[in-house]
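Derivation of every value follows stated rules applied to the coordinates shown; laboratory data play no part. No experiment lies behind these values; they were computed from the predicted model shown. Note that we place each Cβ from the backbone using ideal geometry, even for glycine, and neighbour counts take in every protein chain shown.
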Amino acid sequence: MTYEEALHKLAPAGQEHLLQYYEEINEEQKKFLLRQIEDLDLSLLELIQDGAKEVEKGKLEPLGAVTLEEIAQKRDEYEKTGLEAIKACKVGAVLLAGGQGTRLGLDKPKGMLNVGVNKELYLFEQLVNNLMQVVKKADAWVPLLVMTSEKNNEDTTKFFEENNYFGYNKDFVFFFVQEMAPSVSYDGKIYMEEKDKLSTSPNGNGGWFSSLVKAGLLDKMEQLGVEWLNVFSVDNVLQKIADPVFVGATIEAGCVCGSKVVAKANPNEKVGVLCLEDGRPSIVEYYEMTDEIINSRDEEGKLLYNYGVILNYLFEIKTLTRIMNENMPTHVVEKKIPYMDEDGSQVKPAEPNGYKFETLVLDMIHMMDNCLSFEVERNREFAPIKNRTGVDSLDSARELMRENGIEF
Ligand code: UTP
């Protein structure tokens, strides 16, 4: 792309400022900048033309879960089915580690956070420890795919390497890098990071499967015989990965996907709820539900929309491959975006200063024909670290680690 072509592309969208330093930068930087402008998807900006809005939801209905009591009764049977699948290498695990953890304000990958007190214990390490429990039980390695982003790939891969993969078999660890999207100010101007670099951020965790395919890992999984992928977040220290009971229950239910859920702590808890939308499984955020829906109860007084998701899903690869090219909704999310100001100085805002564009793994659930809602005990499996203090923080996670007998 030439300078003129770039200007022609940017001007109608009011983004000419991206070329404002063009005369100051060297030839190589010019090429680099023009390549980014060429690849830029300006259609994303239309999403914020009338301010950020969410996609309208369809008709909502409750979706029951297999409950803790039901699971306890069939535990051995589910576990046997799950372990057989794991032994046959039919289950892979996908660690979503491409996020930036802006709420925690870290300047390194979230998985490098030391959650230990008396000894060093990194988030990545604890997740590997959790997975090792299954590996030992099944006496088989579970392929572990780690999604990173351009921003943290180098640090992440180096950290695994330096720590000898925390005892995991490195032949079963595969890294892949997710894609990026531009970050914009509230008035829709794309921020710049450097004079030759547009500000971009990871484009959400919804693109994990297409990025995995682009990295050639679907072929690899097929070679290994993997049929299911268990997707999970980096920041839940109690995360059970490739849980054989969950795998077995999903297979036995004949479902194409499963989602771990916890009973809500109270009707207004700010979690995404797994329910039905226009007859298909769907995860609906608390702010997308009316008070009436949030508070509706069955004859026994139990909340009808009772099960919140914890970002632990099991997907059948066959179905993922089929839906891979379908469009997913893009969410416009307010975030703190570091940028370069008019004078060329770097600014690290303390408050949100613009939007990022993200697709979300939770939207994949609505693309599935069915989904097993699988209840787990909150205090055994859900200790997310999202915030610096208070709810879902390192402190609350440590308390739960203590409760679960994890040494740290
Ligand atoms: P969050 O939505 O909590 O985002 O991610 P985050 O980036 O970790 O934190 P904040 O919101 O900026 O504070 C849930 C999971 O999805 C991954 C994260 O790494 C985490 O495991 N994720 C998120 C990605 O892999 N890529 C993304 O673009 C965003």
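In table form, for the structure just shown:
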| item | result |
| --- | --- |
| Estimated inter-spin distance, Asp341 and Asn268, nm [label 7 Å along Cα→Cβ] | 3.8 |
| Residues Val332, Val177 arranged by fewest to most Cβ contacts within 10 Å | Val332, Val177 |
| Dipole magnitude of segment 193-326 about its Cα centre (Cβ charges: Lys, Arg +1; Asp, Glu -1), debye to nearest 20 | 380 |
| Global size of the chain as Cα Rg and Dmax, reported in angstrom | 22.2, 72 |
| Cα-based reach from Lys318 at 17 Å (exclusive), listing lysines while leaving out same-chain residues under 8 positions away | Lys90, Lys214, Lys220 |
| Label-reachable residues, segment 88-115, where backbone N falls under 19 Å from a point 7 Å from Lys197's Cα toward its Cβ | 98-102, 106-110 |
| Eligible aspartates and glutamates near Lys31 by straight Cα distance, threshold 15 Å, same-chain separation 8 or greater | Glu4, Glu5, Glu23, Asp39, Glu194, Asp196 |
| Vicinal HN-Hα couplings computed from phi for segment 241-249 (Karplus, 6.51 cos²θ - 1.76 cosθ + 1.60; Hz; Gly/Pro x) | 10, 6, 5, x, 5, 5, 4, x, 5 |
| Dipole magnitude of the chain about its Cα centre (Cβ charges: Lys, Arg +1; Asp, Glu -1), debye to nearest 20 | 1080 |
| Base-10 log of normalised Debye intensity for segment 300-347 (one unit scatterer per alpha-carbon) at q = 0.19, 0.20, 0.33 Å⁻¹ | -0.92, -0.94, -1.12 |
| Listed residue (Met112, Val271, Asn325) projecting farthest to the positive dipole end of the chain, Cβ model | Met112 |
| Candidate lysines for bridging to Lys57, where Cα separation is under 26 Å - those fewer than 8 sequence places away on the same chain excluded | Lys260, Lys264, Lys270, Lys302, Lys335, Lys356 |
| Sorted peptide list for 6-19, 254-267, criterion being average Cβ within 10 angstrom, highest first | 254-267, 6-19 |
| As computed over segment 258-380, the Cα convex hull volume per residue (Å³) | 174 |
| Evaluated over segment 117-267, the Cα radius of gyration and Dmax, each in Å | 18.2, 56 |
| Most mobile of Tyr168, Tyr191, Tyr22 in a GNM of the chain (Cα contacts under 10 Å) | Tyr22 |
| Candidates per GluC sites (Glu not before Pro) in segment 242-347, loop by DSSP, up to 16 other Cβ within 10 Å | Glu269, Glu285, Glu299, Glu300, Glu326, Glu342 |
| Karplus-derived 3J(HN,Hα), 6.51/-1.76/1.60, for each residue of segment 380-385, Hz, glycine and proline x | 9, 10, 9, 9, x, 10 |
| Placed amide H near Lys386: partners under 5 Å, 5+ positions off or other chain | Ser393 |
| Dipole magnitude of segment 296-408 about its Cα centre (Cβ charges: Lys, Arg +1; Asp, Glu -1), debye to nearest 20 | 180 |
